[in-house]
Amino acid sequence: MADLTTRIGALTLKNPIMPASGTFSEELAEVFDLDCLGAHVTKTITRGKRAGNPVPRVCEANGAMLNSIGIPSKGADWFLQNTVPFYADYDAPLVISISANTADEFARFAEEVSVPGVAAIEVNISCPNVEDHGKAFAMRPGATGDVIRKMRSATGLPLWAKLSPNTGEVVEVAQAAEAAGADALVTANTMLAMAIDSATGRVRLGNVMGGLSGPALKPITLRMTYQCARAVSIPVIGCGGISTVDDVLEYLIAGARAVQVGTATFISPATMPRLIGELEQELERRGLPSVDALIGSVDIADEAITLAEYA
Amino acid sequence: MADLTTRIGALTLKNPIMPASGTFSEELAEVFDLDCLGAHVTKTITRGKRAGNPVPRVCEANGAMLNSIGIPSKGADWFLQNTVPFYADYDAPLVISISANTADEFARFAEEVSVPGVAAIEVNISCPNVEDHGKAFAMRPGATGDVIRKMRSATGLPLWAKLSPNTGEVVEVAQAAEAAGADALVTANTMLAMAIDSATGRVRLGNVMGGLSGPALKPITLRMTYQCARAVSIPVIGCGGISTVDDVLEYLIAGARAVQVGTATFISPATMPRLIGELEQELERRGLPSVDALIGSVDIADEAITLAEYA
Amino acid sequence: MPASLCVVSDFAPTAAPVRHSVHEVDCRVKAHEWVNGQYRLLTLSAPRSVLDCQPGQFFHLLCPQTDRFQPYLRRPMSIYSCDRENGDLAFLYKVAGEGTGALAGLETGNVLNIVGPLGQGFEIRPEWRRPLLIARGVGLATLAPLAQECARLRLPLTAICSARSPDLLMSTDLFRSFGAEVVTVTDTEGNSDVESLMPLIEGLIRSRGIDAFFTCGSARLMRMLQEIGARHGIGGQVALEQHMACGIGMCQACVRPFRHEDGAVNLRVCREGPVFDLQEVL
Amino acid sequence: MPASLCVVSDFAPTAAPVRHSVHEVDCRVKAHEWVNGQYRLLTLSAPRSVLDCQPGQFFHLLCPQTDRFQPYLRRPMSIYSCDRENGDLAFLYKVAGEGTGALAGLETGNVLNIVGPLGQGFEIRPEWRRPLLIARGVGLATLAPLAQECARLRLPLTAICSARSPDLLMSTDLFRSFGAEVVTVTDTEGNSDVESLMPLIEGLIRSRGIDAFFTCGSARLMRMLQEIGARHGIGGQVALEQHMACGIGMCQACVRPFRHEDGAVNLRVCREGPVFDLQEVL
Ligand SMILES: Cc1cc2nc3c(=O)[nH]c(=O)nc-3n(C[C@H](O)[C@H](O)[C@H](O)COP(=O)(O)OP(=O)(O)OC[C@H]3O[C@@H](n4cnc5c(N)ncnc54)[C@H](O)[C@@H]3O)c2cc1C
Ligand SMILES: Cc1cc2nc3c(=O)[nH]c(=O)nc-3n(C[C@H](O)[C@H](O)[C@H](O)COP(=O)(O)OP(=O)(O)OC[C@H]3O[C@@H](n4cnc5c(N)ncnc54)[C@H](O)[C@@H]3O)c2cc1C
Ligand SMILES: Cc1cc2nc3c(=O)[nH]c(=O)nc-3n(C[C@H](O)[C@H](O)[C@H](O)COP(=O)(O)O)c2cc1C
Ligand SMILES: Cc1cc2nc3c(=O)[nH]c(=O)nc-3n(C[C@H](O)[C@H](O)[C@H](O)COP(=O)(O)O)c2cc1C
Ligand code: FES
Ligand code: FES
């Protein structure tokens, strides 16, 4: 039987399939046994309570989803008293996603959630940095390094920096996160997008703009995964548009050590256990001993036909 | 009959539908009368001859296309002697797309192609700036402003700056182009992406990474169009994933004064004349006198249901 | 009304969600017919696992990809009827856009993937002995199985069915077959507005001793019932709609604000609903 | 071989592209059958406007969207036969991936959108009196109409048909029906490698006076013919493939390098090809 385990820094996951933040919650336990997953990743929480964005919060566009859920949050206390204990029943490591308005708040919040039962912290730096005109932390290497550095000295838990596809400097941001002490990267969050109802002229999301996810995002986030995996030596976790085992393979081949599945779980709630089974079958079909054997195996050999320069 | 004309600075187009650079050429005249179009936009050319990228140069991914054609070019002389005269037979204004390695080269080349028969120059600033570590001009407001400023003093022709969705600062880039004297913006070029054949582990494009276009790109470029139209007062030309009249309407409603159709022409070569007819019908159906009546009419009124803050 | 609108229905008596209670299953289309110019009745052969469902619960349908329609997200549909004996599960839906357009193309024998049962169904409290049901449009689909439930509980039911025009009235024979007293009102007849309905309902409260309201399909009717209910101290329930992504409670797309002890709270229509206490809706 | 593989073919005698010569048309599927385990023959009812086409030209097919396959770009397919009289246009294709998988689901009466005719077809030069055709796999589809053209020009033709195994040999009866002398070779029989073919062809040159080569479907066979041709001063043509986007000449996706007076030049397979001079291919 092929070895599905994968190491993300100090953590060993029993397989490389885990949910993406915001597309997973306790309720999914009604569909399948959550312990089959490589890890559990919570919806991003904030320290205080927040309502989130106006409805409609979701719409679809050409095989993709747009969302402007925002970060509705019941706050840290509720989370520590309810969500963390729920996952304590499972063996899969619990990764909690957090967000804050400033680097210092990120650090304080990281300290607060570094409690037993939490295996790692995913840092959602796609949220606006109030100290940088509301520009998301993940847009700039400086702001990203700052957040991770401050969090690094506030908690001993592994820190996963979740990057944004909206930046023009993803490699620099990735390197800044690594240099500041991130244990892993997640590539990536949703891409800022918009849709209008052409019949009424109305924007389709209550918040006007929102994040693009689903299959349409994959070519973009796969590219980021490839770029980041080559630019850093910490593990990269691929995320964006994964719904089939071929998608999983593409990310692993591009260099991801694990993957997160988001929107696909909405389309088919049992996607993750299905992918775990199919990945194992696929490794066996290919005679590969382990997931490791696939990771980063991308072949960029030159084509047989090289083109002529114009004479 | 509804008035389809639209003004892009000094130019009046007889309708707002034109091709996107690189997805149009003389050969399309075999399919329909090119004079029905609002304008003709050429493939980007460079001053010298270039071969372009290795094959395979295209692949598809989830309702989208990836290309790494590059900028194969037969050079300025060939272009001026063959392409410009071809379009002289048509009334539709000829917009030529150019690229160069440095801001100075852009300016010199702009001067050289400012010949009779050319109505405007589209500035493809998505190409690598050799003076900025190969980072594309369109990634930064400074480099964009520099190119446009130098071109502005080299030619009297209208300059259309074609922006890239790969930047994290599209609004700043748009404003820099406007401040430097651009007459219009085109939003936008393709988004950097990648695809891997999971069966073989081989990258699907000879150049490893390439540009995403087609319907999957639309929510991203529509968002950019909306952001730019609000941030500048020069006309914005929408581009990205347009294939139906509803797509055209979405862009116009978001604030575009015209649109460019790219990949859709590959899927259905007569897309543009069809869209012109359907746009006219749609205006009449809605009782609108002109395209102008639609432009920027987006309704972002607050939702009836506003959500509760958590108590 | 086609005969098949009068299908036997058979709902499980308990509503509490249990572990692994939500299933994704492929169902074969058993019948699919037009009920009128806008609505279609889709009957599936469904496995036992998903048939432990309640009136008011819904399923999340994966509408097919066709050459003309490419819906991406699932579409929520209330259970119109559920027959555990025969393994039938039916939905009554309005052909609206991309998703229902694709759905309308399904033919007998085709396969449809569904997830469910989802959400909290109606609860007929023991103290409610004389229910009134007011449904409009799509709401007729959602409330239909409640009529059967009332029949099972031997509760006399009055049903006001509202529609734009008489030809768009649906399920009235079904309601009657479950022993309900049916009153129809339509826009074309001019008796469906709040001004006409108010005295009608006040009259029914007096004459029939109505002590519970159930409604679905119209915000206007819901507001009216809230008002009448508040005045007469009559409780009730409403089934709500909201744009959804997951349908299971994970994404928080489908929230609406509700009255709560200390102010207001956002609840998920897919999870805490789609059936809510009539007076708590803000 | 099904009888329908022997369809009548009827190609226009001129190849030069004219204005508005390329059309996008919807065609109805007239017949669609398996030829063997891998190949299907698709016959369309096509309008007159697209039937002025040449052997070696191709069409760009908009494969349908299905629940299983969602191809995006068009797929290029050589004309297998064209019958202006009956308005028939046929393609012989191998079910390979997403696009041809979707294509394979088409049923009689369905509609397929095609663009064409595209590209430059074969040209039988007046000095070529004794052609030899060597086809492998999909190449058999592309070269089939050339056999008919030779028959029309009353040129005696020899056809070497190569395949992995005898059951994958196609069109041999069709070639014979046009009077061609047919030689079959297969991998399983061990007579399809270059070492076996070289002496066979040298023999045919001696015995039949072969003065032109036409090939498609195998880079290995093409290289072999370039070599034999260069040695004997025998010219010829080859039909090439390349990944395409537009098919019309706009996008420059489909280039390949070719020998040119001053070095090498990239030509578009969709526009300057798909048929090229055998010796110019690099
Ligand atoms: C719990 C619940 C039960 C429902 N039961 C029924 C039923 O029994 N019969 C019936 O005809 N309809 C019912 N609806 C409404 C039905 O879900 C929508 O009509 C349907 O989703 C429209 O999809 P479309 O693609 O055809 O329309 P489009 O307008 O193209 O849909 C675009 C998007 O908006 C969403 N959307 C549009 N209208 C609604 C709506 N009213 N509620 C929620 N989302 C919407 C769609 O799901 C889709 O994501 C129910 C809705 C909910 C929430
Ligand atoms: C001018 C021309 C004529 C052709 N004629 C025939 C014919 O008569 N019969 C036949 O069976 N095949 C023919 N082919 C090959 C045929 O186009 C491919 O087999 C088909 O595109 C594969 O598509 P797919 O989606 O099934 O495979 P996939 O592998 O899923 O295709 C993925 C992508 O690669 C492209 N692609 C894959 N293989 C080829 C190829 N060999 N050539 C060009 N593009 C390819 C596809 O078009 C698609 O864009 C021809 C190709 C060309 C260029
Ligand atoms: C409804 C929804 C809510 C999301 N919420 C969060 C969130 O709270 N925090 C976060 O880091 N990412 C969030 N994401 C982004 C996902 O975690 C993921 O990065 C993205 O959706 C791309 O993956 P996918 O294409 O598989 O969905 C959310 C995505 C969706 C669709
Ligand atoms: C094959 C191909 C070649 C392109 N070449 C160029 C080019 O030379 N210059 C340029 O500015 N944009 C080029 N583009 C980008 C298009 O002009 C357009 O911005 C992009 O494709 C998005 O529009 P679409 O989704 O309608 O295709 C090219 C796009 C494609 C698909
Ligand atoms: S639809 Fe996702 S929480 Fe309700
Ligand atoms: S496929 Fe576009 S130029 Fe050949």
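Some points to look at:
- Across the stretch D:15-30, the number of residues qualifying as touching a helix residue (DSSP H, G or I) at 6+ places or on another chain (Cβ under 6 Å) and assigned to a strand (DSSP E or B) comes to 2.
- Selection count, the stretch A:21-43, where residues are in a loop (DSSP other than H, G, I, E, B) and closer than 16 Å to A:A88 by Cβ: 5
- Once the stretch A:247-270 is narrowed to residues that are in a loop (DSSP other than H, G, I, E, B) and out of contact with any helix residue (DSSP H, G or I) (no Cβ under 6 Å at 6 or more places or on another chain), the residue that is most open to solvent (accessible area, probe 1.4 Å) is A:R257.
- Checking each residue of the stretch D:134-149 against the condition of being within 14 Å of another protein chain (Cβ to nearest Cβ), open to solvent by 10 Å² or more (accessible area, probe 1.4 Å) and either more than 16 Å from ligand 5 (Cβ to nearest atom) or under 17 Å from D:G236 (Cα atoms) (or both) gives no match.
- The single condition from (1) of a type in the set (G, A, S); (2) at the interface with another protein chain (Cβ under 9 Å from one of its Cβ atoms); (3) within 24 Å of A:P165 (Cβ to Cβ); (4) open to solvent by 20 Å² or more (accessible area, probe 1.4 Å) that B:G142 fails is (2).
- Residue identified as closer than 28 Å to C:Q54 by Cα and charged (D, E, K, R) among C:E202, C:E280, C:E195: C:E280
- Residue satisfying condition, being at positive phi and either open to solvent by 20 Å² or more (accessible area, probe 1.4 Å) or in contact (Cβ under 8 Å) with a residue 60 or more places away in the chain (or both), within set B:G48, B:G38, B:G75, B:G9: B:G9
- Of all residues in the stretch A:214-238 being open to solvent by 10 Å² or more (accessible area, probe 1.4 Å) and within 14 Å of the chain's Cα centre (by Cα), the one that is nearest to the other protein chains (Cβ to nearest Cβ): A:K218
- Here the condition is being surrounded by 18 or more Cβ atoms within 10 Å (Cβ to Cβ) and over 19 Å from the mean Cα position of the chain (by Cα); of D:C251, D:C216, it holds for D:C251 alone.
- Answer from A:V118, A:V95 - the residue that is out of contact with any Ser or Thr (no Cβ under 8 Å at 6 or more places or on another chain), more than 14 Å from every other protein chain (Cβ to nearest Cβ) and not polar (S, T, N, Q): A:V118
- Hits in the stretch C:35-62 - residues which are within 16 Å of ligand 5 (Cβ to nearest atom) and not in a strand (DSSP E or B): C:G56, C:Q57
Yes or no, residue by residue, for (1) assigned to a loop (DSSP other than H, G, I, E, B); (2) in contact with an Asp or Glu (Cβ under 9 Å, 6 or more places away or on another chain):
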| site | (1), (2) |
| --- | --- |
| C:A102 | no, no |
| C:I114 | no, yes |
| C:L133 | no, no |
| C:L140 | no, no |
| C:P145 | no, no |
| C:E149 | no, no |
| C:P156 | yes, yes |
| C:D173 | no, no |
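- Applying the criterion of being among the aliphatic types (A, V, I, L, M) and under 19 Å from D:R68 (Cβ atoms) to the residues of the stretch C:74-112, the residue that is nearest to ligand 4 (Cβ to nearest atom) is C:A102.
- Taking the stretch D:98-109 as the range and being surrounded by 14 or more Cβ atoms within 10 Å (Cβ to Cβ) and of a type outside the set (G, A, S) as the test, the residues that pass are D:E98, D:T100, D:L103, D:L106.
- Within the stretch B:170-183, at least one residue is touching a Pro at 6+ places or on another chain (Cβ under 8 Å), open to solvent by less than 10 Å² (accessible area, probe 1.4 Å) and away from ligand 3 (no atom under 16 Å from the Cβ).
- Filtered residues of the stretch A:12-21 (kept if within 14 Å of chain C (Cβ to nearest Cβ) and open to solvent by 10 Å² or more (accessible area, probe 1.4 Å)): A:S21
- Note on the stretch C:194-264: no enclosed strands (runs of 3 or more DSSP E) hold 1 or more residues that are over 17 Å from A:P56 (Cα atoms) and within 16 Å of ligand 3 (Cβ to nearest atom).
- Considering A:E27, A:E60, the condition of being in contact with a Cys (Cβ under 9 Å, 6 or more places away or on another chain), open to solvent by 20 Å² or more (accessible area, probe 1.4 Å) and either at pLDDT below 95 or at the interface with chain C (Cβ under 7 Å from one of its Cβ atoms) (or both) is satisfied by A:E27 alone.
- Test result for D:V275, away from ligand 3 (no atom under 16 Å from the Cβ), in a strand (DSSP E or B) and more than 20 Å from the chain's Cα centre (by Cα): no
- Near pairs, Cβ below 6 angstrom, 6+ apart or cross-chain, from the stretch C:227-243 (more than 20 Å from C:L157 (Cβ to Cβ)) to any residue that is small (G, A, S) and within 16 Å of ligand 5 (Cβ to nearest atom): C:L240/C:G273
- Residue count for the stretch D:180-202, restricted to those that are open to solvent by 20 Å² or more (accessible area, probe 1.4 Å) and closer than 21 Å to D:R129 by Cβ: 5
- Cβ-Cβ contacts under 8 Å between residues 6 or more apart (or on different chains), taken from a first residue in the stretch D:253-282 that is on the phi > 0 side of the Ramachandran plot and more than 10 Å from every other protein chain (Cβ to nearest Cβ) to a second residue that is small (G, A, S) and part of a strand (DSSP E or B), are absent.
- Residue within the stretch B:35-46 that is within 14 Å of chain A (Cβ to nearest Cβ), more than 16 Å from ligand 5 (Cβ to nearest atom) and either closer than 23 Å to B:T190 by Cβ or of a type outside the set (S, T, N, Q) (or both) present: yes
- Lone unmet requirement of (1) of a type in the set (A, V, I, L, M, F, W, C); (2) touching a Cys at 6+ places or on another chain (Cβ under 6 Å); (3) free of Cβ contacts under 8 Å to residues at least 60 places away in the same chain for D:L89: (3)
- C:S171 vs. criteria among the hydroxyl-bearing types (S, T, Y), surrounded by 24 or more Cβ atoms within 10 Å (Cβ to Cβ) and in contact with a Phe, Trp or Tyr (Cβ under 9 Å, 6 or more places away or on another chain): yes
- Within the stretch B:95-133, the only residue that satisfies the criterion of being within 13 Å of ligand 4 (Cβ to nearest atom) and among the charged types (D, E, K, R) is B:E122.
- Considering the stretch C:211-226, and only residues there that are of a type in the set (A, V, I, L, M) and free of Cβ contacts under 8 Å to residues at least 40 places away in the same chain, the residue that is nearest to ligand 2 (Cβ to nearest atom) turns out to be C:A219.
The values are calculated or read from the model by the stated rules, or taken from the named source; none is laboratory data. Every value quoted in this text rests on a predicted model; they were computed, and no experiment measured them. Note that each Cβ is placed from the backbone with ideal geometry, even for glycine, and that neighbours are counted across all protein chains shown. Note: accessible area is taken over every heavy atom of the protein model, side chains too, but ligands, DNA and RNA are not part of it. Shrake-Rupley method; radii C 1.70, N 1.55, O 1.52, S 1.80 Å.
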